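**Q** Below: one structure in structure tokens.
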Amino acid sequence: MDHIRWLLGRTAAALLTLLGVSVLIFAAVRAMPGSYTDLVLGPLATRSEKAAAAARFGLDRPVVEQYLYWLRNAVQGDFGTSLAARTPVATEFGDRLPVTVTLTALALALTVLIGIPLGVYTGTREGGGRGGAAGRLVSAFGMSLPEFVLGSLVVFLFTRYSLGLSVGTYVPWSQDPLGSVGSLFLPACVLAVFCVAATARTTRDAVLGVLVEPHIAAAVARGEPKGAIVRHHVLRNAAVPVLTLVATLTAYLLGGTVIIERLFNVPGLGSYLVDGLDRRDYAVVQAGVLLAAAVFITMNLLVDLVSGLVDPRIGTVGKRADA
Amino acid sequence: MTAETTPLLVIDDVVAEYRTGSRVVRALDGADLTVGRGERVGIVGESGSGKSTLGLLTGRLLPKATAYPRGRVLVDGESVLDLPPDRLARLRRERLAFVPQDPVGALDPTLRIGRQLRLALRDKPTDLVALLERVLIRDPERVLRLYPHEISGGMAQRVIVAMAMARRPALLIADEPTAALDSQVREEVLRLLFTLAAEHGTTVLWLSHDLGGVARWCDRIAVMYGGRVVEDGTTTDVLTAPQHPYTAALSAADPARAKDGTRLLTIGGTPPVLTESTPGCVFCPRCTSADDTCATARPAPRTVEGRTVLCHHPGPGGTPVPVPDGPAPKAAVPDGQEEA
């Protein structure tokens, strides 16, 4: 019962936050210097031409009225029409979102499958020593290498020497699911490098932190084998910071694949949004930012929910039982 | 089965050093202790005297960076410092049990009590409700479903005692098990611990600050100072007629034993932090009856009045501080002892 009430409260708060974000972004987009009419019609357009274009898209109405109109449609799933492409934003998102989601999911899978085991392994290695130092060096390198540098390098290597994976040709999911994943594999790897390094580092630190806790000493004193201690008593205790990081990375990936999408010519959301911003394509930017905010809020909600389940001391879910 | 004639625990001239970088702290400086089966031994001494180190040494649980330049530790005849990891883990699992100072910290905060007990005893199916009832926990079904942060320190310590005693260990090492508890709960936990130990024939090593408690529950007492056992004998002998000046001073400084209205005596100076072996007696700088011999020659164990003493001038005459008069504590037979 407490769980449901908590979830309802948090969902209501999330919706309110989204509403606030929509107001902010609506205002911010319009406050940017250079309006749609200036940028699309160019410096030579006459005043009356600009006014006609503005009237056509309703840009001459008061901002509040524009907002309410947009909000009414948005609630019904209509995010307006791209001013530049003259296509419905919702349709475009529907085409591009799966691409970005697949890319993100691939990168995340690599992150979780490589980063967490790597962190646990380096964290539980006795003393650390040379292995620990090497691990720290690799993760520092992975975290400080900019994506565009690594991405450019990969693009160069794979196009110059045709190493088996194609670069720059996206295969749609509907055509060939396996080929689609294959065409996104390289960009996902480039995206994952930072995430793997960050996850390995955070996991390692969390594991090291748990290993010095007294309940681990107690388990050692009971004669528990090392593997059992790690499985039963370390992983769960170290999970919360790692979960938080992975959730943040998810949100970051969904919104931050812009450079990689450009570099690898992937028709995802990132490139669409940047183009929209360049052209002051209000509807596109509004929908994109709202989506990013929704993703962040959902991930935070999810992390709070899961953290409360993983570590009972975090009193997010329900109330404490009486001692 | 090991022959009953071998002592359960032999700590023989052990030197233990914590090494961090270039810093060396010598926590044990030639400690000797032999404990027979079924004995209840209280180890007393100021903080930093090496009590906890001695307790952890028994299971080779000291930090990885600890060096042992000298000495050996035998549990049931097995040399603890030389065992390979798997045999060491087995020794800890089957013969030893530890009860720590902070019971709540010793439980995994993410697991319910029932789950941790099942995990800890997974190779030994146990009726957990009965197990908790043995340690006088009311409503055990409910407690099994709780998380460690939801129970009190006293209850957590009872859970720890239950977990420790479930395997019927040969040797129980309790490091100030009541330090984190309320005074009302202390006596209960001690009674539980010693009663269960008596029932299971478990030998107890109780590291304590509580001289009165040791007098009540232990038949033997070992006084530690500067990483050595400086006096070791029956509780009655040692506490009523200390032969080592440090024992006398410690006993005079025990607030529980001071008479009302009298000034509590303190031991001048602070206990040493050793970095190497001392040339003379470690207590020499704080001892009022020390002479040139004490500063230059290391005292060797000698038998005086039925106990072992590390002092050049043992005896009540050497006592610098008067022992407060009043009824001397007697080693009492704990409840349930007869059943053993």
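The values are calculated or read from the model by the stated rules, or taken from the named source; none is laboratory data. Please read these numbers as outputs of a predicted model, since none were measured by experiment. Positions of Cβ are backbone-derived with ideal geometry, glycine not excepted, and every protein chain shown enters the neighbour counts.
**Q** Considering only the stretch B:84-123, state which residues are within 22 Å of B:Thr203 (Cα to Cα), part of a loop (DSSP other than H, G, I, E, B) and more than 8 Å from chain A (Cβ to nearest Cβ).
**A** Scanning the stretch B:84-123 gives B:Arg95, B:Gln101, B:Pro103, B:Leu121.
**Q** Then there's this: With the requirement that a residue be at pLDDT below 80 and part of a helix (DSSP H, G or I), what does the stretch A:26-52 give you? Talk me through it step by step, then tell me what you get.
**A** First, pick out the residues of the stretch A:26-52 that are at pLDDT below 80: A:32-45.
Within the stretch A:26-52, A:Tyr36, A:Thr37, A:Asp38, A:Leu39, A:Val40, A:Leu41 qualify.
**Q** Against the definition (in contact (Cβ under 8 Å) with a residue 60 or more places away in the chain, surrounded by fewer than 22 Cβ atoms within 10 Å (Cβ to Cβ) and either more than 13 Å from chain A (Cβ to nearest Cβ) or among the polar types (S, T, N, Q) (or both)), how does B:His209 come out, yes or no?
**A** Spelling it out, B:His209 is indeed in contact (Cβ under 8 Å) with a residue 60 or more places away in the chain, surrounded by fewer than 22 Cβ atoms within 10 Å (Cβ to Cβ) and either more than 13 Å from chain A (Cβ to nearest Cβ) or among the polar types (S, T, N, Q) (or both).
**Q** For the stretch B:7-34, give me each residue that is part of a loop (DSSP other than H, G, I, E, B) and surrounded by 14 or more Cβ atoms within 10 Å (Cβ to Cβ).
**A** Matches in the stretch B:7-34: B:Pro7, B:Leu8.
**Q** Working only within the stretch B:152-177, note down all residues that are within 17 Å of A:His215 (Cβ to Cβ) and assigned to a helix (DSSP H, G or I).
**A** Correct list: B:Gly153, B:Met155, B:Ala156, B:Gln157, B:Arg158, B:Val159, B:Ile160, B:Val161, B:Ala162, B:Met163, B:Ala164.
**Q** So if I check each of A:Ala221, A:Ala247, A:Ala206, which one is touching a Pro at 6+ places or on another chain (Cβ under 9 Å) and in contact (Cβ under 8 Å) with a residue 12 or more places away in the chain?
**A** On the way: A:Ala221 fails: in contact (Cβ under 8 Å) with a residue 12 or more places away in the chain; A:Ala247 fails: touching a Pro at 6+ places or on another chain (Cβ under 9 Å).
Being touching a Pro at 6+ places or on another chain (Cβ under 9 Å) and in contact (Cβ under 8 Å) with a residue 12 or more places away in the chain holds for just one of A:Ala221, A:Ala247, A:Ala206, which is A:Ala206.
**Q** When residues of the stretch B:136-150 are filtered for being surrounded by fewer than 21 Cβ atoms within 10 Å (Cβ to Cβ) and within 26 Å of the chain's Cα centre (by Cα), how many remain?
**A** Within the stretch B:136-150, residues that are surrounded by fewer than 21 Cβ atoms within 10 Å (Cβ to Cβ) and within 26 Å of the chain's Cα centre (by Cα) number 2.
**Q** Right, next: Of all helices (runs of 4 or more DSSP H) completely enclosed by the stretch B:178-279, which ones contain at least 1 residues that are of a type outside the set (A, V, I, L, M) and closer than 19 Å to B:Pro301 by Cβ? Break it down into steps so the answer makes sense when it comes.
**A** On the way: elements: B:183-200, B:211-217, B:235-240, B:245-252.
Those helices (runs of 4 or more DSSP H) span B:235-240, B:245-252.
**Q** I've got another one for you. Suppose we filter the stretch B:47-75 for residues that are of a type in the set (Gly, Ala, Ser), on the phi > 0 side of the Ramachandran plot and either within 12 Å of chain A (Cβ to nearest Cβ) or surrounded by 20 or more Cβ atoms within 10 Å (Cβ to Cβ) (or both); how many remain?
**A** 1
**Q** Would you point out the residue of the stretch B:305-326, among those that are at pLDDT 50 or above and not in a loop (DSSP other than H, G, I, E, B), that is surrounded by the fewest Cβ atoms within 10 Å (Cβ to Cβ)?
**A** B:Pro316
**Q** A follow-up question, please. Taking the residues in the stretch A:218-251 that are facing chain B (nearest Cβ under 7 Å) and hydrophobic (A, V, I, L, M, F, W, C) as candidates, determine which candidate is surrounded by the fewest Cβ atoms within 10 Å (Cβ to Cβ).
**A** Looking at residues that are facing chain B (nearest Cβ under 7 Å) and hydrophobic (A, V, I, L, M, F, W, C), I get A:Val220.
**Q** Test B:Ala180 against the stated conditions and say whether it is surrounded by 21 or more Cβ atoms within 10 Å (Cβ to Cβ), within 13 Å of chain A (Cβ to nearest Cβ) and touching a residue at least 60 places away in the same chain (Cβ under 8 Å).
**A** Spelling it out, it is not the case that B:Ala180 is surrounded by 21 or more Cβ atoms within 10 Å (Cβ to Cβ), within 13 Å of chain A (Cβ to nearest Cβ) and touching a residue at least 60 places away in the same chain (Cβ under 8 Å).
**Q** Output yes when any residue across the stretch B:220-231 is surrounded by fewer than 21 Cβ atoms within 10 Å (Cβ to Cβ) and either acidic (Asp, Glu) or over 12 Å from the mean Cα position of the chain (by Cα) (or both), and no when none is.
**A** no
**Q** For the stretch A:106-125: of the residues being buried (at least 16 other Cβ atoms within 10 Å of the Cβ) and within 16 Å of the chain's Cα centre (by Cα), which is farthest from A:Arg279 (Cα to Cα)?
**A** For the stretch A:106-125, the residue satisfying everything is A:Val112.
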